[in-house]
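Below is one structure, written out as structure tokens; comments come after it.
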Ligand SMILES: Cc1ncc(C[n+]2csc(CCOP(=O)(O)OP(=O)(O)O)c2C)c(N)n1
């Protein structure tokens with residue numbers, strides 16, 4: 001059997017049980033081979049290969065609904081559901097999405113990217129099935145221990161436990177989030193999986209019940225198994241089971257790489273009505289030595305050597321630091337002289353570089369798990385009690401905490417400093433992860449200062465300014481990756497809040513930019529110069545408050561065209577803010593404005609350069625607008 005012969009899960013279901021592990025091995029090799037040159041989420045997907053095979057083997061997908069949480073672990077699922085041939089296009093422009101996507105396949109029951117949604121979605125679908133008179137369809141939510149720490153998962157379980165919905169939660173427990181898993185839930189799961197007394201009892205029960213096909217015994221055995229499991233756990237752990245307390249029947253933990261055991265257990269659970277949870281223990285990165293040893297680095301390792309498995313690092317010492325690293329070093333510097341500074345991240349410790357601060361002052365860094373809402377209100381609490389919290393959240397994940405930003409921070413004018421990482425277009429992760437709504441979403445909130453640096457020196461100055469006494473809540477948003485200068489370590493300068501900067505004088509065209517887009521503006525102005533067009537560049541720096549004094553000057557200067565450029569959505573964004581002001585105060589000038597921003601659509605995945613070109617927010621778009 002060759003895995004390429006499996007075009008759909010129906011083909012898979014025709015295989016004898018003993019063919020499944022060889023199939024899983026082939027799938028794993030294919031993922032490892034492909035991702036070595038087509039980067040993606042490696043370690044998580046390697047950990048779920050056997051689970052994926054077993055799920056599609058036992059359940060009648062796509063009629064039964066399989067819902068992946070986050071969806072970064074669903075590569076084997078993509079390959080088994082008719083997308084094997086196109087797998088090498090994953091995350092590239094026009095290719096497969098890196099996450100489940102309803103429009104991509106009928107097997108992708110629910111689109112994902114952000115975490116902790118699977119149980120809610122499964123409950124919604126199960127409720128719909130019931131209302132539509134279908135009581136036999138199965139709904140399976142596969143959720144990692146990291147994603148389980150997110151509040152929405154708990155809200156869903158609270159609701160689920162009360163319902164009779166026919167839902168199976170698979171808790172895929174590998175003890176790792178992107179970074180080390182944190183929090184009380186993590187400790188709890190570790191206690192369950194490592195309790196020797198409990199596991200001995202469970203093994204005993206399992207062996208007694210294993211291998212029965214008799215339906216009556218089967219039904220009886222599953223109930224017996226559960227009662228014994230609960231009892232054993234109570235004996236071993238000295239407390240009742242968390243999930244059972246919520247009304248969800250708990251099974252496991254079982255080995256998530258043992259296909260026969262998985263298949264047997266899933267078959268039993270398939271016939272058991274009501275909400276239930278199967279706890280499977282897997283190894284993140286399974287099958288690639290380096291990934292098993294360092295699942296944090298191999299969560300999304302980029303390119304790696306197909307023969308050795310070693311990561312290929314393209315950085316050299318001349319490469320400018322990325323914004324995130326500059327953030328990481330700068331917060332340490334600021335924290336050394338300001339003892340009130342603390343750093344907070346919802347589960348993106350390494351990604352946002354707070355790991356740098358954690359190494360040096362661990363007691364002042366808080367990884368709160370995948371919990372954006374909590375991160376913001378936790379920061380608000382710290383600020384209310386006199387600390388200076390830097391709350392670093394990826395822009396798209398901060399969408400989760402919109403109300404907390406309004407209600408807990410802004411309304412009370414608490415000096416929380418939000419550093420919104422991965423703002424703008426992020427590239428291959430695509431629409432779930434682009435940080436393009438932040439400017440427009442935050443602009444209407446009273447009392448927020450909102451700014452974006454053009455380079456890493458400005459990032460440092462903005463961070464420095466934000467932590468000085470007397471400011472209210474402060475938002476600093478910056479993109480993924482490359483900054484500009486190789487000497488990032490500038491001295492700190494206080495920036496006057498709401499003050500823009502003219503970077504280049506000119507007379508015909510004015511280009512007004514916010515944040516990193518200013519670099520395209522400068523490049524465009526340079527090129528316009530060679531074509532005999534004189535272009536001025538204004539780095540506005542602040543979306544809020546807008547530098548209206550500078551806008552008055554620009555209006556008075558008599559430019560034939562004013563161009564605004566930003567890497568965010570048009571509706572309510574920076575360009576519209578400038579236009580609004582001009583319409584009110586300089587109506588004749590308003591007619592000369594061309595806003596370059598992202599139109600009212602979700603942007604697909606692909607390289608940032610390609611997407612910027614598609615959205616007409618790149619240098620070429622500026623040149624075209626200047627020529628009009
Ligand atoms: C709301 C939200 N916050 C943060 C992330 C970033 N993120 C992606 S995967 C992941 C870790 C998930 O851990 P787990 O569920 O245990 O899955 P594993 O990768 O370990 O298999 C995080 C934090 C996200 N996708 N969504």
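The values are calculated or read from the model by the stated rules, or taken from the named source; none is laboratory data. As the structure is a prediction and not an experimental result, all values here were calculated from the model. Cβ sites come from the backbone with ideal geometry, for glycine too, and all protein chains shown count toward neighbours.
Worth a mention:
- Hey, residue 51 assigned to a loop (DSSP other than H, G, I, E, B) and farther than 30 Å from residue 313 by Cβ or not: no
- Failed item in (1) more than 16 Å from the ligand (Cβ to nearest atom); (2) touching a residue at least 12 places away in the same chain (Cβ under 8 Å); (3) over 30 Å from residue 36 (Cβ atoms), with residue 279 passing the rest: (1)
- Screening the range 97-109 for residues that are free of Cβ contacts under 8 Å to residues at least 60 places away in the same chain and surrounded by fewer than 22 Cβ atoms within 10 Å (Cβ to Cβ) and picking the one that is farthest from the ligand (Cβ to nearest atom) gives 106.
- Residue within the range 92-102 that is at pLDDT 95 or above and more than 20 Å from residue 602 (Cβ to Cβ) present: no
- Identity of the residue in the range 90-125, touching a helix residue (DSSP H, G or I) at 6+ places or on another chain (Cβ under 9 Å) and assigned to a helix (DSSP H, G or I), that ends up nearest to residue 41 (Cα to Cα): 118
- Looking only at the range 375-400, and only at residues there that are over 20 Å from the mean Cα position of the chain (by Cα) and assigned to a strand (DSSP E or B), the one that is nearest to the ligand (Cβ to nearest atom): 389
- Test result for residue 161, surrounded by fewer than 19 Cβ atoms within 10 Å (Cβ to Cβ), more than 16 Å from the ligand (Cβ to nearest atom), in a helix (DSSP H, G or I) and modelled with pLDDT under 95: yes
- Residues of the range 297-328 that are within 16 Å of the ligand (Cβ to nearest atom), surrounded by 18 or more Cβ atoms within 10 Å (Cβ to Cβ) and assigned to a loop (DSSP other than H, G, I, E, B): 298, 299, 300, 301.
- If you go through the range 38-84 and keep only what is in contact (Cβ under 8 Å) with a residue 60 or more places away in the chain, out of contact with any helix residue (DSSP H, G or I) (no Cβ under 8 Å at 6 or more places or on another chain) and more than 16 Å from the ligand (Cβ to nearest atom), you end up with 60, 63, 64, 82.
Residue-by-condition table, conditions (1) under 35 Å from the mean Cα position of the chain (by Cα); (2) crowded, with 22+ Cβ neighbours inside 10 Å; (3) within 12 Å of residue 509 (Cβ to Cβ):
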position: 552; (1), (2), (3): no, no, no
position: 562; (1), (2), (3): no, yes, yes
position: 567; (1), (2), (3): yes, yes, no
position: 583; (1), (2), (3): no, no, no
position: 592; (1), (2), (3): no, no, yes
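- Among (1) surrounded by 20 or more Cβ atoms within 10 Å (Cβ to Cβ); (2) within 16 Å of the ligand (Cβ to nearest atom); (3) assigned to a helix (DSSP H, G or I) - the single one residue 403 does not satisfy: (1)
- Verdict on residue 426 being in contact with a strand residue (DSSP E or B) (Cβ under 8 Å, 6 or more places away or on another chain), closer than 21 Å to residue 345 by Cβ, assigned to a loop (DSSP other than H, G, I, E, B) and modelled with pLDDT of 95 or more: yes
- Total residues in the range 165-216, condition in contact with a strand residue (DSSP E or B) (Cβ under 6 Å, 6 or more places away or on another chain), within 14 Å of residue 144 (Cα to Cα) and at pLDDT below 85: 1
- Residue in the range 152-163 that is touching a strand residue (DSSP E or B) at 6+ places or on another chain (Cβ under 6 Å) and within 26 Å of residue 602 (Cα to Cα) present: no
- Looking only at residues in the range 329-346 that are outside any strand (DSSP E or B) and surrounded by 24 or more Cβ atoms within 10 Å (Cβ to Cβ), the one that is nearest to the ligand (Cβ to nearest atom) is 346.
- Residue 72 under 30 Å from residue 127 (Cα atoms) and out of contact with any strand residue (DSSP E or B) (no Cβ under 7 Å at 6 or more places or on another chain): yes
- Note on the range 568-615: residues that are within 25 Å of residue 89 (Cβ to Cβ) and not in a loop (DSSP other than H, G, I, E, B) amount to 9.
- The residue of the range 347-358 that is surrounded by the most Cβ atoms within 10 Å (Cβ to Cβ), among those that are more than 19 Å from residue 187 (Cβ to Cβ) and within 13 Å of the ligand (Cβ to nearest atom), is 352.
- Residue identified as buried (at least 19 other Cβ atoms within 10 Å of the Cβ), within 38 Å of the chain's Cα centre (by Cα) and farther than 22 Å from residue 443 by Cβ among 535, 525: 525
Here is a yes/no grid of residues against (1) surrounded by 24 or more Cβ atoms within 10 Å (Cβ to Cβ); (2) out of contact with any strand residue (DSSP E or B) (no Cβ under 8 Å at 6 or more places or on another chain); (3) modelled with pLDDT under 95; (4) part of a loop (DSSP other than H, G, I, E, B):
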position: 469; (1), (2), (3), (4): no, yes, no, yes
position: 484; (1), (2), (3), (4): no, yes, yes, yes
position: 497; (1), (2), (3), (4): no, no, no, yes
position: 510; (1), (2), (3), (4): yes, no, no, no
position: 517; (1), (2), (3), (4): yes, no, no, no
position: 529; (1), (2), (3), (4): no, no, no, no
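- Some residue of the range 140-149 being within 16 Å of the ligand (Cβ to nearest atom), outside any strand (DSSP E or B), touching a residue at least 12 places away in the same chain (Cβ under 8 Å) and out of contact with any helix residue (DSSP H, G or I) (no Cβ under 8 Å at 6 or more places or on another chain): yes
- With respect to the conditions (1) assigned to a helix (DSSP H, G or I); (2) farther than 24 Å from residue 272 by Cα, residue 10 falls short on a single one, namely (2).
- Positions within the range 359-374 being surrounded by fewer than 22 Cβ atoms within 10 Å (Cβ to Cβ), in a helix (DSSP H, G or I) and within 16 Å of the ligand (Cβ to nearest atom), in sequence order: 373, 374
- Of the residues screened, residue 153 is one that is over 27 Å from residue 83 (Cα atoms), touching a helix residue (DSSP H, G or I) at 6+ places or on another chain (Cβ under 6 Å) and within 16 Å of the ligand (Cβ to nearest atom).
- Failed item in (1) closer than 15 Å to residue 322 by Cα; (2) in a loop (DSSP other than H, G, I, E, B), with residue 492 passing the rest: (1)
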